[in-house]
Amino acid sequence: MIRFQFLVFAIAIVFSSCQKEKEIIFRESGLEKYRPLIHFTPPFGWMNDPNGLIYKDGIYHLFYQHYPDSIEWGPMHWGHATSKNLTKWEHQPIALYPDSLGYIFSGSVIYDQENSSGLGTLELPPLVAIYTYHNMEGEKSGKLDFQFQGIAYSSDNGKTWHKYKGNPVLPNQGVKDFRDPKVTQVVKENGEKIWVMTLAVWDRVHFYSSKNLIDWDFLGQFGQNNGAHGGVWECPDLFQLVAPDGSEKWVLITSINPGGPQKGSATQYFIGDFQNGQFIPDDNMIRWLDYGPDNYAGVTFSNLPKNSNRTLFIGWMSNWLYAQVVPTKSWRSSMTLPRELSLFEVEGTKLIQSKPASELKDLRKEEFKIKKNQSGLPSQAVEILASVQNNEDFNIVLSNENGEQVSIFKEMGLISIDRTQSGSHEFHPDFLAMHSAPMSWSAKNIRIYLDSNSIELFINDGELVMTSLLFPSSPWKKVEFSNNLTQKIIYSLAD
């Protein structure tokens with residue numbers, strides 16, 4: 001056993017070294033066009049869903065769907081990165097590799113502080129990863145039961161992982177799509193603590209409970225007659241937020257592909273109560289977490305300090321419409337910037353606010369106050385702030401030296417991002433488009449994060465959010481503001 005662990009550790013070191021060598025080669029060969037400066041990307045290869053977001057001992061962990069041998073989707077691994085501040089990420093060796101049971105699909109990580117699983121000790125409780133196995137041979141043979149849930153555990157804060165010998169812990173229940181477990185601890189009315197798994201099951205979610213993370217019992221389901229149903233539900237998450245009136249509400253988010261408001265994939269959410277394994281929504285409104293085309297499969301961090309009083313979220317910045325054909329060379333896909341989720345109300349209706357995480361202010365390098373209605377952009381990564389006078393319509397235009405541009409504007413009660421003239425688009429016919437979102441309440445301020453290949457737009461600090469990829473032929477050089485925008489500030493951001 002010791003010799004085997006040494007071999008695994010040696011392979012991990014060699015692989016990490018190969019990662020760094022490949023990254024150097026890519027940089028020296030000039031293949032880093034569109035590589036963002038402030039958004040997380042893999043060093044090379046393919047990336048999609050964020051997995052296992054967790055905070056532990058001062059470190060934020062980001063695991064993610066990863067295929068290290070190609071920039072197209074392939075046998076899924078769990079990549080791994082860590083950060084002390086949510087702004088600078090360090091690449092770590094791959095956490096989980098495919099094995100005889102299948103590829104390692106999406107899932108979550110929890111801190112089993114009371115060692116309920118028995119996979120650690122009370123003195124050294126484990127981190128436990130709960131993930132979906134995807135058996136490709138089973139899928140190709142036409143079977144329905146090719147997805148099932150497994151677990152792995154770590155006693156060194158996620159540096160090394162050991163797969164549970166009794167996997168799967170939750171066999172398939174005869175459903176083709178049976179995946180993406182998000183586990184959280186719930187305290188029952190009698191004070192008993194249980195683990196609740198929220199699982200995507202075709203066009204709905206299932207809830208399961210466990211006392212030990214190994215033996216799971218079905219609790220209930222939600223969604224067959226709720227929400228949007230243009231495609232398969234994926235990557236659910238269940239958590240609590242405090243409403244403006246001080247009450248605690250349960251929030252259920254589920255990503256859907258296709259069926260989003262801008263074609264392709266998107267993330268919807270429901271607000272309500274969760275009791276005895278049943279989610280009861282306040283209403284049957286369809287709500288979208290992000291009205292742009294490029295925020296999908298996001299989930300929240302577990303084990304955040306209770307005194308932080310916040311819920312942190314990161315999404316995959318892409319869309320399955322074109323994710324595998326975007327014009328990057330050595331890597332594919334980025335993550336969104338981290339966001340703090342909270343509840344606010346519009347005329348008695350509760351909605352989610354997605355505010356940029358407070359740590360993002362640490363990215364600011366130099367401030368440029370704009371007195372006129374246009375300015376040069378000091379770097380490829382900038383933050384742009386502006387105030388809106390009297391809820392009037394507005395327009396912001398970003399442009400480059402090649403005549404390409406992207407417009408952000410409000411008109412007739414819609415907030416829009418127009419990327420129809422934004423640069424490279426030949427990789428997919430649906431990429432060049434204008435995307436709009438309804439906003440019935442006042443737009444008071446605008447906050448934009450612009451990076452080498454993306455824009456993240458926050459109205460009223462995240463009461464409405466739109467995320468969009470952009471592939472200009474040269475960097476954005478100029479920004480122009482309409483006359484009714486005041487207090488305009490641009491920050492160059494740390495790379």
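The values are calculated or read from the model by the stated rules, or taken from the named source; none is laboratory data. Everything numeric in this text was worked out from a predicted model, so none of it was measured. Cβ coordinates were reconstructed from backbone atoms using ideal geometry, including for glycine residues, and neighbour counts include every protein chain displayed.
Given the conditions (1) assigned to a strand (DSSP E or B); (2) buried (at least 19 other Cβ atoms within 10 Å of the Cβ); (3) touching a Pro at 6+ places or on another chain (Cβ under 6 Å), and given that Leu119 satisfies all but one, which numbered condition is not satisfied?
Unmet condition: (1).
Residue by residue, here is whether (1) modelled with pLDDT of 95 or more; (2) more than 18 Å from Val299 (Cα to Cα); (3) in a loop (DSSP other than H, G, I, E, B) holds:
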site: His66; (1), (2), (3): yes, no, no
site: Ser70; (1), (2), (3): yes, yes, yes
site: Trp73; (1), (2), (3): yes, yes, yes
site: Trp78; (1), (2), (3): yes, no, no
site: Leu86; (1), (2), (3): yes, no, yes
site: His91; (1), (2), (3): yes, yes, no
site: Ala95; (1), (2), (3): yes, yes, no
site: Phe105; (1), (2), (3): yes, no, no
site: Ser108; (1), (2), (3): yes, no, no
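Is segment 137-144 home to any residue that is in contact with a strand residue (DSSP E or B) (Cβ under 9 Å, 6 or more places away or on another chain), in contact (Cβ under 8 Å) with a residue 60 or more places away in the chain, in the same structural domain as Thr121 (by TED's automatic domain parsing) and not polar (S, T, N, Q)?
No - not one qualifying residue is present in segment 137-144.
Quick check on segment 386-406: of everything there that is small (Gly, Ala, Ser) and within 15 Å of Pro475 (Cα to Cα), which residue is surrounded by the most Cβ atoms within 10 Å (Cβ to Cβ)? Explain how you work it out, then say what you get.
In the first step, residues of segment 386-406 are kept if they are small (Gly, Ala, Ser); the result is 386-387, 399, 403.
Add one more test, that the residue is within 15 Å of Pro475 (Cα to Cα), and what stays is 399, 403.
Working: Ser399: 20, Gly403: 8.
Applying the filter and picking the extreme gives Ser399.
Looking at Gly102, Gly74, Gly52, which is the one that is in the same structural domain as Ser155 (by TED's automatic domain parsing) and either closer than 25 Å to Ala494 by Cβ or touching a Ser or Thr at 6+ places or on another chain (Cβ under 8 Å) (or both)?
On the way: Gly102 fails: either closer than 25 Å to Ala494 by Cβ or touching a Ser or Thr at 6+ places or on another chain (Cβ under 8 Å) (or both); Gly74 fails: either closer than 25 Å to Ala494 by Cβ or touching a Ser or Thr at 6+ places or on another chain (Cβ under 8 Å) (or both).
That would be Gly52, the only listed residue that is in the same structural domain as Ser155 (by TED's automatic domain parsing) and either closer than 25 Å to Ala494 by Cβ or touching a Ser or Thr at 6+ places or on another chain (Cβ under 8 Å) (or both).
Might you check whether a residue that is among the hydroxyl-bearing types (Ser, Thr, Tyr), crowded, with 18+ Cβ neighbours inside 10 Å and more than 19 Å from the chain's Cα centre (by Cα) occurs anywhere in segment 97-106? Explain how you work it out, then say what you get.
As a first pass, look at segment 97-106 and keep what is among the hydroxyl-bearing types (Ser, Thr, Tyr): 97, 100, 103, 106.
Filter again for crowded, with 18+ Cβ neighbours inside 10 Å, leaving 97, 103, 106.
Checking the rest, the ones that are also more than 19 Å from the chain's Cα centre (by Cα) come to 97, 103.
Yes, there is a match, as at least one residue in segment 97-106 is among the hydroxyl-bearing types (Ser, Thr, Tyr), crowded, with 18+ Cβ neighbours inside 10 Å and more than 19 Å from the chain's Cα centre (by Cα).
Against the condition modelled with pLDDT of 95 or more, over 26 Å from the mean Cα position of the chain (by Cα) and aliphatic (A, V, I, L, M), how does Leu122 come out, does it pass? Steps first, please.
On the way: modelled with pLDDT of 95 or more: yes; over 26 Å from the mean Cα position of the chain (by Cα): yes; aliphatic (A, V, I, L, M): yes.
Judged against the criteria, Leu122 is a match.
Answer yes or no as to whether Asp49 is touching a residue at least 60 places away in the same chain (Cβ under 8 Å) and farther than 23 Å from Thr336 by Cα.
Working: touching a residue at least 60 places away in the same chain (Cβ under 8 Å): yes; farther than 23 Å from Thr336 by Cα: no.
It is false that Asp49 is touching a residue at least 60 places away in the same chain (Cβ under 8 Å) and farther than 23 Å from Thr336 by Cα.
Hey, could you check segment 44-58 for residues that are farther than 21 Å from Asp237 by Cβ and touching a Gly at 6+ places or on another chain (Cβ under 9 Å) and say which is surrounded by the fewest Cβ atoms within 10 Å (Cβ to Cβ)? Give the derivation first.
The first filter runs over segment 44-58 and keeps only residues farther than 21 Å from Asp237 by Cβ, leaving 44-46, 57-58.
When the remaining residues are screened for being touching a Gly at 6+ places or on another chain (Cβ under 9 Å), the result is 45-46.
On the way: Gly45: 21, Trp46: 23.
Result: Gly45.
Could you please give the count of residues in segment 160-191 that are of a type in the set (Phe, Trp, Tyr) and either touching a His at 6+ places or on another chain (Cβ under 6 Å) or part of a loop (DSSP other than H, G, I, E, B) (or both)? Even if it seems obvious, please write down each step before you answer.
Start the filter on segment 160-191 by keeping residues that are of a type in the set (Phe, Trp, Tyr), which leaves 161, 164, 178.
From what is left, the residues that are either touching a His at 6+ places or on another chain (Cβ under 6 Å) or part of a loop (DSSP other than H, G, I, E, B) (or both) are 161, 164.
Qualifying residue count for the region: 2.
Can you name the residue in segment 166-192 that is at pLDDT below 95 and among the acidic types (Asp, Glu) and is also nearest to Val128 (Cα to Cα) among such residues?
My answer is Glu192.
Residue under question is Val299, and the condition is that it be closer than 19 Å to Ile110 by Cα, of a type in the set (Val, Ile, Thr), in contact with a Pro (Cβ under 7 Å, 6 or more places away or on another chain) and in a strand (DSSP E or B); does it hold? First the steps, then the outcome.
Values: closer than 19 Å to Ile110 by Cα: yes; of a type in the set (Val, Ile, Thr): yes; in contact with a Pro (Cβ under 7 Å, 6 or more places away or on another chain): yes; in a strand (DSSP E or B): yes.
Yes: the conditions hold for Val299.
Sort out for me the strands (runs of 3 or more DSSP E) sitting completely within segment 332-417 that have 1 or more residues that are basic (Lys, Arg) and modelled with pLDDT of 95 or more.
Numbers: elements: 339-346, 349-356, 364-370, 374-376, 382-388, 394-399, 405-411.
Here the list reads 339-346, 349-356, 364-370, 405-411.
List the pairs whose first member sits in segment 241-263 and is in contact (Cβ under 8 Å) with a residue 40 or more places away in the chain, whose second member is assigned to a loop (DSSP other than H, G, I, E, B) and among the charged types (D, E, K, R), and whose Cβ atoms are under 7 Å apart, counting only residues at least 6 apart or on separate chains?
Every condition considered, the pairs that remain are Lys263/Asp430.
So, in segment 427-469, exactly how many residues are surrounded by 19 or more Cβ atoms within 10 Å (Cβ to Cβ), closer than 20 Å to Glu411 by Cα and among the aromatic types (Phe, Trp, Tyr)?
1
Mind telling me which of the residues Asn295, Asn284, Asn276 ends up being in the same structural domain as Lys56 (by TED's automatic domain parsing) and modelled with pLDDT of 95 or more?
Working: Asn284 fails: modelled with pLDDT of 95 or more; Asn276 fails: modelled with pLDDT of 95 or more.
None of the others qualify; the one that does is Asn295.
If I go through segment 302-311 residue by residue, how many of them are outside any loop (DSSP other than H, G, I, E, B) and modelled with pLDDT under 95?
Of all residues in segment 302-311, those outside any loop (DSSP other than H, G, I, E, B) come to 302, 306-308, 311.
Still in the list and also modelled with pLDDT under 95: 306-308.
Residues in segment 302-311 being outside any loop (DSSP other than H, G, I, E, B) and modelled with pLDDT under 95: 3 in total.
Does at least one position in segment 306-313 carry a residue that is crowded, with 19+ Cβ neighbours inside 10 Å and not aromatic (Phe, Trp, Tyr)?
Taking segment 306-313 and keeping what is crowded, with 19+ Cβ neighbours inside 10 Å, we get 311-313.
From what's left, not aromatic (Phe, Trp, Tyr): 311-312.
Yes, there is a match, as at least one residue in segment 306-313 is crowded, with 19+ Cβ neighbours inside 10 Å and not aromatic (Phe, Trp, Tyr).
If you go through segment 426-435 one residue at a time, do you hit one that is within 18 Å of Lys33 (Cβ to Cβ) and over 24 Å from the mean Cα position of the chain (by Cα)?
Yes: segment 426-435 contains one or more residues that are within 18 Å of Lys33 (Cβ to Cβ) and over 24 Å from the mean Cα position of the chain (by Cα).
Would you confirm whether any residue within segment 312-323 is at negative phi, assigned by TED's automatic domain parsing to the domain that holds Lys33 and at pLDDT below 95?
So far as segment 312-323 goes, no, none of its residues is at negative phi, assigned by TED's automatic domain parsing to the domain that holds Lys33 and at pLDDT below 95.
Give just the number: which of (1) surrounded by fewer than 19 Cβ atoms within 10 Å (Cβ to Cβ); (2) in contact with a strand residue (DSSP E or B) (Cβ under 8 Å, 6 or more places away or on another chain) does Ser424 not satisfy?
Answer for Ser424: the failing condition is (2).
If you check Lys369, Lys365, which single one turns out to be assigned by TED's automatic domain parsing to the domain that holds Ser436, in contact (Cβ under 8 Å) with a residue 12 or more places away in the chain, loosely packed, with under 13 Cβ neighbours inside 10 Å and farther than 14 Å from Asp461 by Cβ? Give the steps one after another, and end with the answer.
On the way: Lys365 fails: loosely packed, with under 13 Cβ neighbours inside 10 Å.
Checking each option against the conditions leaves just Lys369.
Restricting the first residue to segment 423-437 and requiring it to be in the same structural domain as Leu464 (by TED's automatic domain parsing) and within 13 Å of Pro261 (Cα to Cα), which pairs with a second residue that is of a type in the set (Gly, Ala, Ser) and not in a loop (DSSP other than H, G, I, E, B) meet a Cβ separation below 8 Å and a spacing of at least six or different chains?
Short answer, once both residue conditions are applied: Met434/Ser416; His435/Ser416; His435/Ser468; Ser436/Ser416; Ala437/Ser416.
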